[in-house]
Amino acid sequence: MAEYTIDVIESAPFGQMAYAISAPDRTDAVVIDPGFDVETIIELLKHDGRTLAAILNTHGHVDHIAGNAALKQAHPDAPLIIGRNDEKLLTDPMLNLSAPFGARVVSPPADRLVDDGEQLEVGGFTFEVREIPGHSPGSVVFICRTYSPAFVFGGDVLFAGSIGRTDFPEGDHETLMKGIVEGLLSLPDDTKIHPGHGPTTTIGAEKRSNPFVRDFLARLKNAEPSD
């Protein structure tokens, strides 16, 4: 199978990673988590002659939704898609954490809400949606198994060597770790993780070396009843 193309756009001031991905022989793209540097995304699509198939938000924190409005204005027919339990963050500057930074960012409302276990088909890709809360109330990851290796747009759930913060409102460390174990570590070791911050990693690498993952797995093992 021909390879998909992926562009990474990093936005200051939080080092947030947005992604523009296109399936082979397609003239459209799916954008994941457009951040503050939305002008670069718009110019990238224009330069390549690509239309926008959809905007996917892994969650509703400001650094991941800051570009939604401008991208929707440039491509009004592209649906904005987010997990059902993070919908409220889009239009509430306190919940999306922009107000505490003095920005008061508001996104357009979602065109479509997705739920855990749902299959999402956009721009020539099929994604499985898995809800993994703990960093935000309804954060989702988008898993594509069509290609080898499979890949995931993980937002702020699992990073190379780290995990998403859980000290925000409605954050919870145990909930996040349980979701990582059940929702991500069950994937093949060569599965690529495209995170919301930092470099791409793999499931296998995080099993081996992520201190948060290793500590949680060790605690689970120690909690198992002995024979």
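The values are calculated or read from the model by the stated rules, or taken from the named source; none is laboratory data. The model shown is predicted, which means the values in this text are computed figures rather than measured ones. For neighbour counting, all protein chains shown are included, and Cβ atoms are generated from backbone atoms with ideal geometry for every residue, glycine included. These accessible areas exclude ligands, DNA and RNA; they are computed on the full protein's heavy atoms, side chains included. Shrake-Rupley method; radii C 1.70, N 1.55, O 1.52, S 1.80 Å.
A few comments on the model shown:
- Label-reachable residues, the stretch 154-169, where backbone N falls under 19 Å from a point 7 Å from residue 92's Cα toward its Cβ: 166-169
- Relative contact order (%) - criterion: Cα under 8 Å, at least six apart; region: the chain: 14 percent
- The slack between residue 186 and residue 205, meaning 0.36 nm per residue of separation minus the straight C-alpha distance, is 5.5 nm.
- Computed FRET value (nearest 0.05) for residue 214 with residue 37, which takes r as the C-beta separation and R₀ as 30 Å: 0.30
- MRE, 222 nm, helices only [DSSP H, n ≥ 4, -39500 (n - 2.57), over the chain, to nearest 500]: -7000 deg cm²/dmol
- Ranked packing of 173-179, 32-38, 212-218, most packed first, by mean Cβ within 10 Å: 32-38, 173-179, 212-218
- Of [x] 18.1, 62; [y] 16.9, 49; [z] 17.1, 63, the label for Rg and Dmax of the Cα atoms in Å derived from the coordinates: [z]
- When peptides 195-206, 51-62 are ranked by their average number of other Cβ atoms within 10 Å per residue, the highest-first order is 51-62, 195-206.
- Unit charges on C-beta of K, R, D, E only; dipole of the stretch 1-149, Debye: 200 debye
- Taking the chain as a Gaussian network of alpha-carbon nodes connected by springs under 10 Å, the highest mean-square fluctuation of the residues 133, 93, 108 belongs to 108.
- Surrounding net charge for residue 107, when Lys and Arg each add one and Asp and Glu each subtract one, Cβ distance under 13 Å: -3
- Helix 173-183 and the long axis of the chain differ in direction by around 80°, with both axes built from C-alpha atoms.
- Residue 4 accessible area, assembled protein chains, probe 1.4 Å, Å²: 20 Å²
- Average accessible surface area per residue within the chain, 1.4 Å rolling probe, Å²: 45 Å²
- Taking a Cβ cut-off of under 11 Å around residue 84, the surrounding Lys, Arg, Asp and Glu residues balance to a net charge of -4, with basic ones at +1 and acidic ones at -1.
- Total lysine pairs in the chain at Cα distances under 19 Å, for residues eight or more apart or on different chains: 6.
- Nearest 10 degrees, 0 to 90: helix 211-223 Cα axis against the chain principal axis: 40 degrees
- Cα centroid of the stretch 159-227 to Cα centroid of the stretch 72-95, whole Å: 27 Å
- Farthest toward the positive end of the dipole of the chain, out of 127, 66, 177, is the Cα of 177, where the dipole comes from beta carbon charges about the Cα centre.
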